[in-house]
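Below you'll find the structure, written out as structure tokens, and then a few comments.
The values are calculated or read from the model by the stated rules, or taken from the named source; none is laboratory data. All values derive from a computational prediction rather than experimental measurement. Here the Cβ positions follow ideal geometry from the backbone for every residue, glycine too, while neighbour counts run over all protein chains shown.
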Amino acid sequence: MKSLLLIGGGGHCRSCIDVIEATGQFEIAGIVDRNGVCNTDSMAYPLLGNDDDLPRLVKKYCSALVTVGQMRCTGVRMRLFEMLNELEADLPVIVSPQAYVSRHAHVSAGTIVMHSALINANARIGENCIINSQALIEHDAIVEPHCHISTGAKVNGGASIEMGTFIGSGAVIREGIRIGINCVIGAGAVVLGDLPAGTVFRSKV
């Protein structure tokens with residue numbers, strides 16, 4: 001069984017650990033955190049070092065997953081992913097056994113698909129994305145790299161979510177529309193039309 005480094009030791013890391021353990025595909029080597037501290041002690045995995053230790057640790061363990069969460073800004077996740085790429089780390093796709101990913105869909109390196117998520121036929125998911133618990137990515141939808149589709153969000157057929165965008169919990173994205181790069185869609189929002197890059201869109205409720 002391959003060993004896997006987890007890069008980032010916060011709450012999202014704990015959720016990732018639960019998914020990784022459920023797959024049975026990797027042995028978690030331990031956690032790397034920027035500040036050399038993490039709050040995952042209850043998960044029983046060691047803290048192996050900080051970002052400065054990544055060259056040594058990647059050489060030893062080979063495989064890694066970015067487990068820093070993403071709310072408003074994707075910068076940290078992007079930086080870590082690019083660093084791991086430069087170090088030639090293996091960046092696996094992690095899919096919960098409780099999720100459904102169509103065999104006609106494509107999920108790219110470094111992305112995690114969490115419990116009860118559903119990715120339908122001909123959907124395409126870019127690198128280093130979070131498809132969180134109970135999220136729905138419908139047929140022909142495109143989610144570009146470094147996006148976070150939060151818990152219970154629905155991206156309907158043919159919609160396009162551009163790079164670095166955050167879709168909040170329970171948000172609904174209408175079929176066929178385009179959300180520009182680095183947008184933030186608030187929890188529960190219903191998006192019915194295209195949004196330009198950098199838009200912050202919240203529910204009016």
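Among the residues of the range 121-149, what is the count of those that are touching a strand residue (DSSP E or B) at 6+ places or on another chain (Cβ under 8 Å) and under 18 Å from Ile177 (Cα atoms)?
Residues meeting the conditions: 15.
Answer with yes or no whether Gly180 is in contact (Cβ under 8 Å) with a residue 12 or more places away in the chain and surrounded by 18 or more Cβ atoms within 10 Å (Cβ to Cβ).
Judged against the criteria, Gly180 is not a match.
Can you find a residue in the range 78-90 that is on the phi > 0 side of the Ramachandran plot, of a type in the set (Asp, Glu) and at pLDDT 95 or above?
Keep residues of the range 78-90 that are on the phi > 0 side of the Ramachandran plot, which gives 88.
Retained after the next criterion (residues that are of a type in the set (Asp, Glu)): 88.
Among the residues that remain, those that are also at pLDDT 95 or above are: 88.
There is at least one residue in the range 78-90 that is on the phi > 0 side of the Ramachandran plot, of a type in the set (Asp, Glu) and at pLDDT 95 or above.
On the given criteria, is Val93 β-branched (Val, Ile, Thr) and surrounded by fewer than 18 Cβ atoms within 10 Å (Cβ to Cβ)?
yes
Restricting attention to the range 183-205, and to residues there that are surrounded by fewer than 16 Cβ atoms within 10 Å (Cβ to Cβ), under 22 Å from the mean Cα position of the chain (by Cα) and among the aliphatic types (A, V, I, L, M), which single residue is farthest from Lys154 (Cα to Cα)?
In this case the residue turns out to be Ala197.
From Glu82, Glu144, grab the single residue that is surrounded by fewer than 17 Cβ atoms within 10 Å (Cβ to Cβ), of a type in the set (D, E, K, R) and over 20 Å from Val19 (Cβ atoms).
Answer to the selection: Glu82.
Report yes if Gly110 is assigned to a loop (DSSP other than H, G, I, E, B) and within 14 Å of the chain's Cα centre (by Cα), otherwise no.
So Gly110 fits the description; yes.
How many of the residues in the range 151-170 are over 18 Å from Ala197 (Cα atoms) and in a loop (DSSP other than H, G, I, E, B)? Talk me through it step by step, then tell me what you get.
At the first step, the residues of the range 151-170 found to be over 18 Å from Ala197 (Cα atoms) are 151-154, 156-158, 169-170.
With in a loop (DSSP other than H, G, I, E, B) added as a condition, the list becomes 151-153, 156-158, 169-170.
Here the count works out to 8.
Read through the list (1) of a type in the set (Val, Ile, Thr); (2) surrounded by fewer than 21 Cβ atoms within 10 Å (Cβ to Cβ); (3) modelled with pLDDT of 95 or more, then give the number of the only condition that Val37 fails.
(3)
Counting only residues that are surrounded by fewer than 24 Cβ atoms within 10 Å (Cβ to Cβ), out of contact with any Asp or Glu (no Cβ under 9 Å at 6 or more places or on another chain) and either touching a residue at least 60 places away in the same chain (Cβ under 8 Å) or within 16 Å of Ile119 (Cα to Cα) (or both), how many does the range 151-169 have?
The total comes to 2.
Starting from the range 7-29, keep only residues that are among the aromatic types (Phe, Trp, Tyr), then list their pairs with residues that are crowded, with 18+ Cβ neighbours inside 10 Å and not in a helix (DSSP H, G or I) whose Cβ atoms are within a distance under 6 Å, requiring at least 6 positions of separation or different chains.
Qualifying pairs under 6 Å: Phe26/Leu4.
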